[in-house]
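The values are calculated or read from the model by the stated rules, or taken from the named source; none is laboratory data. Values in this document were obtained by computation on a predicted structure and should not be read as measured data. No Cβ is skipped: glycine too gets one built from the backbone with ideal geometry, and neighbour counts run over all protein chains shown.
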Amino acid sequence: MKQNETKFGKFGGMFVPEMMVPAQKELYEAFNKYANTKEFKEELNYLLKEFAGRPTPLYYAKNMSNELGFKIYLKREDLLHSGAHKINNTLGQALLAKKMGKKEIIAETGAGQHGVATAIVGALLKIPTKVFMGEVDVERQKLNVYRMKLFGAEVIPVTSGSRTLKDAVNEALRYYLANVETCYYLIGSVVGPHPYPKIVQHFQKIIGKETKEQILEKEKKSPTAIIACVGGGSNSIGIFDAFLKDKEVQLIGVEAGGNGIKHGKTLGEGTIGIFQGSKSYVLQTKDGQIEEAHSISAGLDYPGVGPMHSYLKESKRATYVSATDNEAVQALKYLSKMEGILPALESAHAIAYVLKNKNKFKKEDIVVICLSGRGDKDVNQLLEVQ
């Protein structure tokens, strides 16, 4: 692998133990060999359409648009099978694992949506599946834990560290290193060592491709802004991808502003470091120790971020902002009452930004929000914070 193939500007790379390098090279070679073949694309496209439910609608949020005074569209990834955008990536990577002859799939999960999506493809393709999940997230996402088990996956609670997503990733990496020849590690976001960020981006860019086609059909012009939540950053990279060269389109990523004490503003307040296999922005102390992130949404309390987001920040192609826990909860309630759509708490951060910054947009503006997931999984947690 050439150095520039592994990076996004100065970010990314492959910072892994020496024994893991051959596995990463094997994965990169397999991805290049299979992902763009006619056979692979036909099989994946069939499953995305007939099993997952693509294409997803680009829904004109009429009530919200009328109240706020400009056009708002929602890219309805929440309508996919499993309830989130995660299925796009798990189908692609699981097919790749099968082509590689792997005997087992493992995954990490925070909010549980990636774990559910991995458990689903494990059942579909008949590959044994293990999901690592922080003990804190196991407790606050009981519904998703039960769903994973229904699909036949083994859910492994992680009791180390903050017992959240970063610790689940660490445990999954340890297991992967011990079983690297027979195991496929199906990473859920655009994070980790090369080639994972590029692989996940490849399988999620269908979101942006569809969005671009749909908005041009509906409005005959590009949107003013694309807005999406950012934890690791796969839904946002997915929808940003098709618009990266369209300089007139604002790309806005919304991080977890947290509760006033702790937060998940990796791009807003983090510094550059090495975390879980790649170089990117990270929440860390001056000594380089990883700090705990916090968000009411389990999918956003991650102290790292995908290296391409770091590149987009430094190149100023995208802008990264934040919304607090309370703002996200209020945005979730707003969209539920205004449009009859219950968004995931993660997606509600993007809605919150629009509500908070409505005066920045004019009547003629068109705003597209990536509704990355639905909020059924968050109802028990919402009941607790009432």
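A few notes on this one:
- Checked against the criteria, GLU327 counts as surrounded by fewer than 24 Cβ atoms within 10 Å (Cβ to Cβ), among the acidic types (Asp, Glu) and outside any loop (DSSP other than H, G, I, E, B).
- Condition check for MET19: within 24 Å of the chain's Cα centre (by Cα) and not assigned by TED's automatic domain parsing to the domain that holds ILE369: no
- If you go through region 139-192 and keep only what is of a type in the set (Val, Ile, Thr) and at pLDDT 90 or above, you end up with VAL145, VAL155, ILE156, VAL158, THR159, VAL180, THR182, ILE187, VAL190, VAL191.
- Filtering region 154-175 for residues that are crowded, with 20+ Cβ neighbours inside 10 Å and of a type in the set (Phe, Trp, Tyr) leaves an empty set.
- Filter result for ALA178 (out of contact with any helix residue (DSSP H, G or I) (no Cβ under 6 Å at 6 or more places or on another chain), surrounded by fewer than 20 Cβ atoms within 10 Å (Cβ to Cβ) and more than 20 Å from THR319 (Cβ to Cβ)): yes
- Residues that are under 23 Å from LYS142 (Cβ atoms), in contact with a Leu (Cβ under 6 Å, 6 or more places away or on another chain), in contact (Cβ under 8 Å) with a residue 12 or more places away in the chain and part of a helix (DSSP H, G or I) do not occur anywhere in region 363-375.
- Here GLY101, GLY134 are screened, and the one residue that is at pLDDT below 95 and of a type in the set (Gly, Ala, Ser) is GLY134.
- Scan of region 344-362 for residues that are out of contact with any Ser or Thr (no Cβ under 8 Å at 6 or more places or on another chain) and outside any helix (DSSP H, G or I), ordered by number: ASN357, LYS362
- Within region 119-139, tally of residues that are under 19 Å from the mean Cα position of the chain (by Cα) and farther than 21 Å from ASN88 by Cα: 3
- Filter result for THR37 (farther than 20 Å from HIS114 by Cα, of a type in the set (Val, Ile, Thr) and out of contact with any Pro (no Cβ under 8 Å at 6 or more places or on another chain)): yes
- LEU91 satisfies every condition listed in (1) hydrophobic (A, V, I, L, M, F, W, C); (2) more than 17 Å from the chain's Cα centre (by Cα); (3) part of a helix (DSSP H, G or I) except (2).
- Filtered by the rule that a residue be in contact with an Asp or Glu (Cβ under 6 Å, 6 or more places away or on another chain) and part of a loop (DSSP other than H, G, I, E, B), region 218-240 gives SER222, THR224, VAL230.
- Residues in region 241-277 that are in a strand (DSSP E or B) and polar (S, T, N, Q): GLN250, THR271.
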